[in-house]
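The values are calculated or read from the model by the stated rules, or taken from the named source; none is laboratory data. All figures in this text were calculated on a predicted structure; none of them were measured in a lab. Here the Cβ positions follow ideal geometry from the backbone for every residue, glycine too, while neighbour counts run over all protein chains shown. In case anyone asks, the SASA skips ligands and DNA or RNA and just uses the protein heavy atoms, side chains included. Shrake-Rupley method; radii C 1.70, N 1.55, O 1.52, S 1.80 Å.
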Amino acid sequence: MSRAFSLFRTTDPVPEEERRTILAAPGFGKFFTDHMASATWTPAEGWHDRKVSALVPYSLHPSAAVLHYAQEIFEGLKAYRHADGSVWLFRPEFNARRFTRSAERLALPVLPEEDFLTSVEELVRADEAWVPGSADEKSLYLRPFMFASEAFLGVRPAERIAYSVIASPAGPYFAGGVTGITLWVSSNYTRAGRGGTGAAKCGGNYASSLAAQIESRKNGCDQVLFLDDTGGEGDLEESGTMNLCLVTSAGELVTPALGNILDGVTRDSILALAGEFGLTPVQRSITLSELRTGAADGTITEVFAAGTAAVITPIVGFKGEGYEFTIGNGAPGKQTLAIREHMLDIQYGRAEDVHGWMRRVL
Ligand SMILES: *Cc1c(COP(=O)(O)O)cnc(C)c1O
């Protein structure tokens with residue numbers, strides 16, 4: 001049984017000059033490379049038709065299950081070019097494992113983790129010319145995803161599943177220097193409930209977060225902070241695309257415990273690095289009133305959000321129905337910026353990879 005993703009090179013790549021123009025200012029998620037990786041699953045054949053071929057639109061029957069019942073999951077990771085020209089992934093095994101857990105929750109077939117890694121690596125190799133240079137925090141963003149493509153309107157796990165990986169060059173997240181954002185504490189919307197899909201990386205979680213995002217903009221904030229109301233205390237969850245971390249005056253790095261939140265690779269890595277910054281990593285529940293009190297009396301000194309896209313985003317203020325407060329003096333925290341730099345140094349090969357997190361592709 002061959003596990004190779006055979007390469008069928010496109011005969012119609014983006015012209016070199018156009019690619020260079022795109023790579024000079026790629027933005028995020030706007031431009032795509034020449035190829036995609038793909039595989040198909042059916043109950044009879046299992047995973048088959050593994051390949052890397054020209055990026056083309058799908059042809060889907062209007063009854064395709066994903067369009068009606070949202071049986072879909074995805075991942076997000078980046079390929080980084082180091083100064084010596086080599087290309088690396090950051091902890092892709094973590095993404096592969098999480099993809100398995102998401103598949104199980106959405107009743108999708110499990111893609112062997114080896115296939116996940118091979119598909120991502122072969123796509124990066126096919127589209128090597130699309131991995132930006134190491135200057136100014138550019139990268140190639142990789143988006144593996146899986147969805148129910150079976151044409152059938154009944155409600156049951158689909159029996160035809162499409163898996164793909166696409167790639168999109170990404171510019172620096174904070175082009176004009178790292179700035180802090182404010183979070184809107186939503187009291188109208190939650191992102192997950194007990195027994196729901198909060199821990200899975202699925203499109204449905206994002207669809208249900210958009211109304212809260214609109215609410216946050218209307219209130220002059222940049223992103224949402226979701227609370228877990230199931231316990232009645234209003235525990236902090238996450239921002240919906242990023243995990244939340246607090247730094248305390250007692251030298252702790254506190255982050256909400258796993259459960260209904262997404263198990264972020266950035267979150268996990270920061271917990272592992274905390275000791276190097278003199279911080280004790282703590283995973284526990286944190287209530288909104290604890291955050292408000294801690295911000296007011298100075299025991300919570302810094303807050304930041306963590307995710308692959310921005311690495312670390314300083315959070316300098318919060319706003320909710322009838323209240324608002326700032327963290328520290330309202331500027332990005334010192335530890336926040338130091339941890340961010342260190343993560344980037346590891347990812348771009350400027351700091352020693354003592355944890356063995358980097359995986360070389362080219
Ligand atoms: C992907 C994601 C994150 C961040 O996870 P990373 O693995 O660090 O990129 C946080 N929250 C949600 C809901 C996500 O989908």
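If you scan segment 244-260, which residues turn out to be assigned to a strand (DSSP E or B) and open to solvent by less than 10 Å² (accessible area, probe 1.4 Å)? Show your work before the answer.
Initial filter on segment 244-260 (assigned to a strand (DSSP E or B)): 244-248, 252-255.
The answer is Leu244, Cys245, Leu246, Val247, Leu253, Val254, Thr255.
Mind telling me which of the residues Ala25, Ala64 ends up being over 24 Å from the mean Cα position of the chain (by Cα) and away from the ligand (no atom under 16 Å from the Cβ)? The match here is Ala64.
Hey, any hits in segment 117-135 for a residue that's free of Cβ contacts under 8 Å to residues at least 12 places away in the same chain and over 30 Å from Gly195 (Cα atoms)? Yes, segment 117-135 has at least one match. Number of residues in segment 261-309 that are surrounded by 18 or more Cβ atoms within 10 Å (Cβ to Cβ), in a strand (DSSP E or B) and more than 16 Å from the ligand (Cβ to nearest atom): the value is 3. Tell me, yes or no, whether segment 7-17 has at least one residue that is outside any loop (DSSP other than H, G, I, E, B), open to solvent by less than 50 Å² (accessible area, probe 1.4 Å) and at pLDDT 95 or above. No, the conditions are met nowhere in segment 7-17. Checked against the criterion of being under 20 Å from Met36 (Cα atoms) and either in the same structural domain as Ala200 (by TED's automatic domain parsing) or free of Cβ contacts under 8 Å to residues at least 40 places away in the same chain (or both), segment 88-108 has at least one qualifying residue. Could you tell me whether any residue of segment 311-318 is more than 14 Å from the ligand (Cβ to nearest atom), assigned to a helix (DSSP H, G or I) and under 25 Å from Asp222 (Cβ atoms)? No, segment 311-318 has no match at all. Applying the criterion of being of a type in the set (Asp, Glu) and within 16 Å of the ligand (Cβ to nearest atom) to the residues of segment 197-237, the residue that is farthest from Ser285 (Cα to Cα) is Asp222. Among the residues of segment 33-54, is there at least one that is within 16 Å of the ligand (Cβ to nearest atom), open to solvent by 20 Å² or more (accessible area, probe 1.4 Å) and not acidic (Asp, Glu)? Within segment 33-54, none of the residues are within 16 Å of the ligand (Cβ to nearest atom), open to solvent by 20 Å² or more (accessible area, probe 1.4 Å) and not acidic (Asp, Glu).
Selection of segment 105-145 for residues being at positive phi and modelled with pLDDT of 95 or more yields only Ala107. Of the residues screened, Gly240 is not one that is farther than 17 Å from Thr287 by Cβ, open to solvent by 20 Å² or more (accessible area, probe 1.4 Å) and either modelled with pLDDT under 95 or not in a helix (DSSP H, G or I) (or both). Between Ala64, Ala24, the distinction of being hydrophobic (A, V, I, L, M, F, W, C) and open to solvent by less than 20 Å² (accessible area, probe 1.4 Å) belongs to Ala64 only.
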